[in-house]
Amino acid sequence: MYPRVRIYLERIRNNASIVAGLCAGHALSITGVSKVVRGDPKIAQAFLDAGVNKIGDSRVENLARLKGLDAEKWLIRPPMRSEVAALVEHADVSLNSELATIDAINEAAGACGKKHKVILMADLGDIREGYVDYDELLNAAEQVERMTNVELYGIGTNLTCFSFIQPDETKMQQLASLAQRVSERVGREVNVVSGGNSATLDLMLRGGICEGVNNLRLGESLLFGKERAQYRFLPGTRNDAFILECEIVELKEKPSLPWGQIGVDSYGNRPSFEDCGKRLRAVCALGKQDFDAETAVPLDEGITMLGASSDHLMLDITDSKRSYQVGDIVELKLGYFATLRAFTSEYVEKVYID
């Protein structure tokens, strides 16, 4: 059935192995992030096969899918108070920035006889999650250290996900300094100082991560071989681990200009069109509910992506060297957000190739 996505596990293992080796050379451990693939156990296992021993995800439901894997499991989004019982059941570690939530985690962990590890998040400028008052962070660390069922595991930060503030040497030194202050406050060294995501890799490769930062949370680089600061692919990695197949349901020569009064789209924007004469257009049974057209590329270089609605994909195939027919399959190489939607959509079949 179509649409379906082909998942090349060996390409993912290759990427994870290369990135793990690079990080090991800079004394950094990796938490492999599985959120874009909805906590897929086969893909998470590919991370583990490549030497990654920690798996992170932003949803407790995804971590529950990884129950059988021998790995330390992190919730990398601050937990909701309403989910702390499930959090303690399915996650070993969580990233936190609210003491009230940590209190609830401590209570839930005690109720089931478990110990849960907590990483306190510091906001270094991206204004997403984390403490901006670092004295408040230190006070929280002191209180967490006194809790019975929660362990203060470390501190962390996140950059380039909301305001796109870039990691740099100053910010990494600030994080390491905060970790040292936390260690002095609680009277012992904290285990983990997590310096961010795949956007921090470029800084790492330039030798810009100081001593004291010892972990990165990586998803995009493991799956697509790409660091996010400069959006460059890392040498030896593959960017074609996910290939989406969709079926042509209409094939007709049509004008490139629509006719009639043009209204606004679902976002309130009025689209514009260029007159290129009549073109051979294909409509595929695939839409925005299933993938992101802006982060997908046809493998056939003669195909131009025109756009998509919720369940139709429009392609210009005039310049293709292949003679397509109704019922033929078009292949698209997926990037980050296209993969995210494909794995979230129940209408896209997943096929594993190893």
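Brief remarks follow.
- Taking all protein chains together and rolling a 1.4 Å probe, LEU203 ends up with roughly 10 Å² accessible.
- Other-chain or far-sequence residues with amide H under 5 Å of LEU286's (modelled H): HIS312, LEU313
- Amide hydrogen neighbours beyond the local backbone of ARG4, cut-off 5 Å, H modeled: GLU245, GLU349
- Computed over segment 194-296, the convex hull of the alpha-carbon atoms projects to a mean area of 10.6 nm².
- Relative packing of peptides 177-187, 330-340, 234-244 - highest average C-beta neighbours within 10 Å first: 330-340, 234-244, 177-187
- Counting only alpha carbon atoms, the long axis of helix 99-111 and the longest principal axis of the chain meet at about 80°.
- Ordering ILE303, ILE353 by accessible surface, largest first, gives ILE353, ILE303; the 1.4 Å probe counts only protein heavy atoms, with every chain in place.
- In angstrom, the C-alpha Rg and Dmax of segment 106-204 are 14.2, 43.
- The chain: angle of helix 9-24 to the longest principal axis, Cα-based, in degrees nearest 10: 40
- Our coupling estimate for segment 293-309, obtained by passing each phi through the Karplus curve with A = 6.51, B = -1.76, C = 1.60 and θ = phi - 60°, is 5, 6, 10, 9, 10, x, 5, 6, 5, x, 9, 10, 7, 8, x, 9, 9 Hz, Gly and Pro reported as x.
- Karplus-derived 3J(HN,Hα), 6.51/-1.76/1.60, for each residue of segment 208-213, Hz, glycine and proline x: x, 9, 6, 4, x, 8
- Only helices enter this figure: runs of n ≥ 4 DSSP H residues, each worth -39500 (n - 2.57), summed and divided by the residues of the chain, yield -8500 deg cm²/dmol at 222 nm to the nearest 500.
- Modelled label positions at CYS112 and SER163, each set 7 Å beyond Cα in the direction of Cβ, lie 3.6 nm from each other.
- The GNM of the chain, with springs linking C-alpha atoms under 10 angstrom apart, assigns the highest mean-square fluctuation among SER272, SER221, SER194 to SER272.
- Where chymotrypsin sites (Phe, Trp or Tyr not before Pro) fall in DSSP loop in segment 108-191, at most 13 other Cβ within 10 Å: PHE162, PHE164
- Rounded FRET efficiency, nearest 0.05, which uses the C-beta distance separating GLU346 from LYS321 and R0 of 30 Å: 0.30
- Sorting the segments 72-82, 106-116, 46-56 by their mean number of nearby beta carbons within 10 angstrom, highest to lowest, gives 46-56, 72-82, 106-116.
- Amide H contacts under 5 Å for SER29, placed H, 5+ residues apart: ASN215, LEU216
- On Cα atoms only, tilt of 169-186 relative to the major axis of the chain in degrees: 40
- Rounded to the nearest Hz, the phi-derived 3J(HN,Hα) couplings of segment 348-353 under the Karplus curve 6.51 cos²θ - 1.76 cosθ + 1.60 (θ = phi - 60°) are 9, 6, 10, 10, 9, 10, where x marks glycine and proline.
- For the chain, alpha-carbon Rg and Dmax in angstrom: 23.0, 74
- Across segment 1-65, C-alpha contacts under 8 Å between residues 6 or more apart give a mean separation that, scaled by the residue count, equals a relative contact order of 36 percent.
- Over the chain, accessible surface divided per residue gives 47 Å², non-protein components excluded, 1.4 Å probe.
- Unpaired Cys in the chain, meaning no second Cys C-beta under 4.7 Å: CYS23, CYS112, CYS161, CYS210, CYS276.
- Accessible carbon and sulfur surface of the chain relative to its total accessible area, %, 1.4 Å: 47
The values are calculated or read from the model by the stated rules, or taken from the named source; none is laboratory data. Predicted, not measured: the structure shown is a model, and the values here were computed from it. Glycine gets a Cβ as well: all are built from the backbone with ideal geometry, and neighbour counts include every protein chain shown. When the accessible area is computed, the model is the full protein with side chains, heavy atoms only, and any ligands, DNA or RNA have been set aside. Shrake-Rupley method; radii C 1.70, N 1.55, O 1.52, S 1.80 Å.
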